[in-house]
Amino acid sequence: MGEGLACSGGLVRDGARARDIPSQPLVQAFLPRSVAKGVVGQVNRITQVAVLGALAFILMYLEVPLPSFPVYLKYDPAEIPALIATFALGPVSGIAVEVIKAVLISMFRSGAVGGSFGIFMNLLAGVSLVAVAGSYYKAEHTKAGAVKSLLLGVGGMTGVMIVANVLLTPIFYGIPRGTVVGLILPALLPFNLIKGLTSSILAYLVYKRVRVPLYELITDHAAW
């Protein structure tokens, strides 16, 4: 892990030259080495979550209309950063990325996603995906486990969003519940599966390339 800012290891005396005095990170100058590693790791973790949350918000602008689906159902790759955070840092970090994205949406793009209800549904979809995937991946931390966790996450997200749409959409949008139920097979089910699987495949491919740098920024290899 990069050592960051360094300071002098002690006072120059007895003719010692500055280059002979070992330098150490600023944090380690005041804290025990084990504690300092933990502090630096937590700072890096928080920074990565914040950056990934901002990236997720930016990726929402890359909307792609899907043929044969209603115009309001569009694919965007905004769940990819949250999935990367989930695999690298755990499900709590993945959920935190989703929350940051939701806050940014409410500040800058609320009208484009259907107001408060749209923000809530977007957050619910992302949280259900990363929570299920991340929880399983913690239990089976392998390549096969990653694939299984993504499939379970997509399945969990799809189920949650179908139930949420049937229960909540009639209340907030005044659409008859029967109409919403009629959209399950032609729209809600295939759309959520396509969105979840596409984001999962892309996240898996990207994560393979960035996982080592992420680990190195958080702490040393021995802790993983």
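How many residues does segment 150-170 contain that are farther than 28 Å from Y136 by Cα and either of a type in the set (S, T, Y) or at pLDDT below 95 (or both)?
1
Go over the candidates L189, L167, L205 one by one and state the one that is surrounded by 15 or more Cβ atoms within 10 Å (Cβ to Cβ) and among the aliphatic types (A, V, I, L, M).
Exactly one of L189, L167, L205 is surrounded by 15 or more Cβ atoms within 10 Å (Cβ to Cβ) and among the aliphatic types (A, V, I, L, M), namely L189.
Does S93 satisfy being buried (at least 16 other Cβ atoms within 10 Å of the Cβ), within 23 Å of K148 (Cβ to Cβ), without any contact (Cβ under 8 Å) to a residue 40 or more places away in the chain and hydroxyl-bearing (S, T, Y)?
Here the answer is no, as S93 does not meet what is asked.
Examine segment 126-133 for a residue that is surrounded by fewer than 21 Cβ atoms within 10 Å (Cβ to Cβ) and over 24 Å from V103 (Cα atoms), and state whether such a residue exists.
Within segment 126-133, not a single residue is surrounded by fewer than 21 Cβ atoms within 10 Å (Cβ to Cβ) and over 24 Å from V103 (Cα atoms).
Quick one: how many residues across segment 55-64 are in a helix (DSSP H, G or I) and farther than 16 Å from A133 by Cβ?
4
Inside segment 66-86, can you point out the residues that are farther than 20 Å from G153 by Cβ and of a type in the set (V, I, T)?
Result: V71, single match.
Is there any pair with a first residue in segment 152-165 that is closer than 10 Å to L124 by Cβ and a second that is of a type in the set (G, A, S) whose Cβ atoms are under 6 Å apart and which are 6 or more apart or on different chains, and what are they?
If the second residue must be of a type in the set (G, A, S), the pairs left are M157/A125; M157/S128; M157/G196; V160/S128; M161/A125.
Go over the candidates G115, G111, G126 one by one and state the one that is of a type outside the set (S, T, Y) and within 15 Å of the chain's Cα centre (by Cα).
The match here is G126.
Among P77, P25, P67, P32, which is the only one that is surrounded by 15 or more Cβ atoms within 10 Å (Cβ to Cβ) and either farther than 28 Å from V132 by Cα or at pLDDT below 55 (or both)?
The conditions single out P25.
The values are calculated or read from the model by the stated rules, or taken from the named source; none is laboratory data. Because the structure is predicted, anything quoted here is derived from the model rather than measured. Cβ: placed from backbone, ideal geometry, glycine included. Neighbour counts: every protein chain shown.
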